[in-house]
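Participant: Following this message is one structure expressed as structure tokens.
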Amino acid sequence: MLHSVGIVGTGSYVPEKVLTNADLEKMVDTNDEWIVSRTGIKERHIADPETPVSELCYQAALKALEDAKVAPEDVDLIIIPTVTADYLFPSTAGLVADRLGAKNAAAFDLSAGCTGFLYGITTGAQFVSTGMYRTVLVIGAETLSKILNWEDRSTCVLFGDGAGAAVLQPVEEGYGFLGFELGADGSGGHLLTCLGGGSKNPASIESVQNKLHTIRMAGSEVFKFAVRIMGDASFKVLEKAGLKKEDIDLFIPHQANLRIIDSAVKRLGIDPEKVVVNLDRYGNTSSASIPLALDEASRGGRLKYGDNLLMVGFGAGLAWGATVLRWAKR
Ligand code: UT7
């Protein structure tokens, strides 16, 4: 790193409407016992039909900028990792920049599935590290409810909507990001997909009738991949950062399934007290899951200046990512 880069502010937002497991029991052939024991999820937040993902981004961004004490016009770059952008184009990042009044910001969206936030902060940190930009706003946000097949019990019970934002800036030496690990294995891309609306299957009456614009997932295959990669990526990034698992003060894993989190925690040998879990209240919010948990941890006083934080995620692609940072916010 040329300059040390850290997270200097966070914010998050979820839509008001809550969908419980009991609500889902009335929609598909499922039950609270199955969902809780197989996933750990009890409820999730769902956006109204008229609320696009840019609205969630905007609300989360306002809070993150306020937390970082940064004015919108001082933001140099906005990156929005999402798989549920408002449109194919223009980018959601451009729309959010305009709404925030971030007149001096470059803006783009990023597609890396549930690993999006980790790809986003890794990308943003490079711009700050080189000195090209001073302030980068990364907003992981999803309205997955809009691309779910509400008749498919194997997917519709898992996901939720939300947004989490982080402001990146230079921090004092020895603090901020200590290591990054990113990866992708496209040979597993078919395991988690939304195939309609792109150039391969443009929107058509048939594509809609065949529900190509909804999420499909080979759950148990993704599960096996997740269990392996959470541990592998974490060990790799710790090595890059020159840290041991004992040095970790807080662990924020992607919130997809409590059994995946538990197995990663066991393999890493991290004290369960140091693990942030909130998927019981939000479900899997894809690229919003880690920043949402990060914001709750920061505002809840679970992160102190100098703490070592490990974040790790995985998802569509199949992609994965991990990062370690020393908390630089007082
Ligand atoms: O963010 C990254 C993306 N996603 C993930 O990380 C998800 C990774 N995968 C998982 O979390 C798990 O694989 C699931 C939670 C999706 C599924 O759990 P599982 O233990 O792998 O269950 P399964 O898919 O093997 O299904 C077991 C049974 C099946 O019935 P049979 O064939 O054994 O009779 C399913 O039909 O559970 C049935 N089932 C359900 N039952 C009640 C599947 N979904 C439901 C449901 N309610 N919602």
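The values are calculated or read from the model by the stated rules, or taken from the named source; none is laboratory data. Computed from a predicted structure; not experimentally measured. We place every Cβ from the backbone using ideal geometry, glycine too, and count neighbours over all the protein chains shown. Note: areas computed on protein heavy atoms with side chains; ligands, DNA, RNA excluded. Shrake-Rupley method; radii C 1.70, N 1.55, O 1.52, S 1.80 Å.
Participant: Counting only heavy atoms of the protein chains, get the accessible area per residue of region 177-326 (1.4 Å probe) and round it to a whole Å² value.
Facilitator: 42 Å²
Participant: Share of the chain's accessible area from carbon and sulfur, percent, 1.4 Å?
Facilitator: For the chain, the apolar C and S fraction of the accessible surface comes to 51 percent.
Participant: Here is a follow-up. So what's the gap between the Cα centers of region 258-292 and region 143-167, to the nearest angstrom?
Facilitator: 17 Å
Participant: Taking 0.36 nm per residue of sequence separation and subtracting the Cα-Cα distance, how much length would be gained by fully extending the chain between W150 and K17, in nm to one decimal?
Facilitator: 46.2 nm
Participant: Starting from the 7 Å offset along Cα-to-Cβ, what nm value, one decimal, do you get for the label separation of E33 and L88?
Facilitator: About 4.7 nm separates the two model spin labels.
Participant: From the Cα trace of region 100-213, what convex hull volume per residue do you get, rounded to a whole Å³?
Facilitator: On the way: hull volume 18.7 nm³, N = 114.
So the per-residue hull volume is 164 Å³.
Participant: Could I ask something else about it? Give me the distance in nm between label points sitting 7 Å out from Cα along the Cα-to-Cβ direction at K244 and D74, one decimal.
Facilitator: According to this spin-label approximation, the distance is 4.0 nm.
Participant: Given a 1.4 Å probe, how much area per residue of region 73-124 is accessible, in Å²?
Facilitator: 41 Å²
Participant: From largest accessible area down, sort E25, E16; use a 1.4 Å probe on the protein chains. List each step's numbers first, then the result.
Facilitator: Working: E25 85, E16 175 Å².
Putting E25, E16 in descending order of accessible area: E16, E25.
Participant: Which value, in Å² rounded to 10, gives the accessible area of R302 with a 1.4 Å probe and all protein chains present?
Facilitator: 90 Å²
Participant: At a threshold of 8 angstrom on Cα-Cα distance, excluding pairs fewer than six apart, so keeping six or more, what relative contact order does region 256-328 reach in percent?
Facilitator: Relative CO of region 256-328 lands at 23 percent.
Participant: If you take the alpha carbon radius of gyration of the chain and divide it by 2.2 N^0.38 Å, what ratio comes out, to two decimals?
Facilitator: Ratio of Cα Rg to 2.2 N^0.38 Å: 0.93.
Participant: Set the Förster distance to 41 Å, then compute FRET efficiency between S207 and H3 from the Cβ-Cβ distance, nearest 0.05.
Facilitator: Efficiency at R0 = 41 Å is approximately 0.30.
Participant: Please compute, for the alpha-carbon atoms of region 5-174, the extent along each of the three principal axes and give them in descending order in Å.
Facilitator: The Cα atoms of region 5-174 stretch 54, 35, 25 Å along their principal axes.
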